[in-house]
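The values are calculated or read from the model by the stated rules, or taken from the named source; none is laboratory data. The structure presented is a predicted model; accordingly, all values stated were derived computationally and were not measured. Methodologically, a virtual Cβ is constructed for each residue, glycine included, from the backbone with ideal geometry; neighbour enumeration extends over all protein chains shown. For accessibility, only protein heavy atoms count, side chains too; no ligands or nucleic acids. Shrake-Rupley method; radii C 1.70, N 1.55, O 1.52, S 1.80 Å.
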Amino acid sequence: MALFMDGAFVSDPWRCLDSCEELPSNGQILMSPADWHRRAPLRSSAALSNVAFGLTLDPDDPIEDIAPDLQHIALVAITFPKFTDGRGYSMAQLIRGRFGFTGELRATGDVLFDQLQLMARCGFNAFEITDAVTIALLTSGRRPDFHHFYQPGAGHEVPVGTRPWARRPGE
């Protein structure tokens with residue numbers, strides 16, 4: 001597994017916490033939403049003030065269940081079990097757009113080179129990559145590069161009114 005973030009491969013400071021493990025006194029830990037809710041009384045302890053929390057979401061996890069807690073979460077990792085499963089894109093859009101999450105939003109699982117730019121447009125800013133071809137392309141300096149989009153997304157956009165390919169209001 002390789003973590004690609006901010007245009008480069010970086011080491012991953014996060015570790016997955018097993019459901020039977022005790023919460024550490026420091027570090028960056030990932031857990032499931034079920035563990036997050038089960039450990040609610042322990043999370044507020046002053047002894048855990050040096051712990052950053054992250055959640056790993058599966059495509060069928062309801063976002064609304066974690067939305068009230070997003071202000072306490074530094075990382076949300078959304079799993080893509082297959083490259084054809086698009087639910088993670090919708091989840092990312094909701095987490096960034098509707099719920100205003102500003103932390104790290106990571107795509108994990110079956111993440112391929114052709115998906116990276118569209119994932120970024122939905123709000124992802126980190127990618128956990130296991131595909132050897134994708135790793136090789138990124139290592140060689142290749143980046144997915146499109147400049148014109150029909151729909152608005154997260155990140156850099158062409159200003160409204162300067163999109164000759166887009167339909168004008170009222171047409």
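Which condition from (1) at pLDDT below 95; (2) buried (at least 19 other Cβ atoms within 10 Å of the Cβ); (3) touching a Gly at 6+ places or on another chain (Cβ under 7 Å) is the one that Thr79 breaks?
(1)
Please identify the pairs in which a residue from segment 126-142 that is on the phi > 0 side of the Ramachandran plot and open to solvent by 50 Å² or more (accessible area, probe 1.4 Å) has its Cβ atom under 8 Å from the Cβ atom of a residue that is of a type in the set (Phe, Trp, Tyr) and outside any helix (DSSP H, G or I), counting only partners at least 6 apart or on another chain.
Close Cβ pairs (under 8 Å, with a partner that is of a type in the set (Phe, Trp, Tyr) and outside any helix (DSSP H, G or I)) do not exist here.
State yes or no: is Phe113 of a type outside the set (S, T, N, Q) and under 20 Å from Ser32 (Cα atoms)?
Values: of a type outside the set (S, T, N, Q): yes; under 20 Å from Ser32 (Cα atoms): no.
Criteria not met by Phe113.
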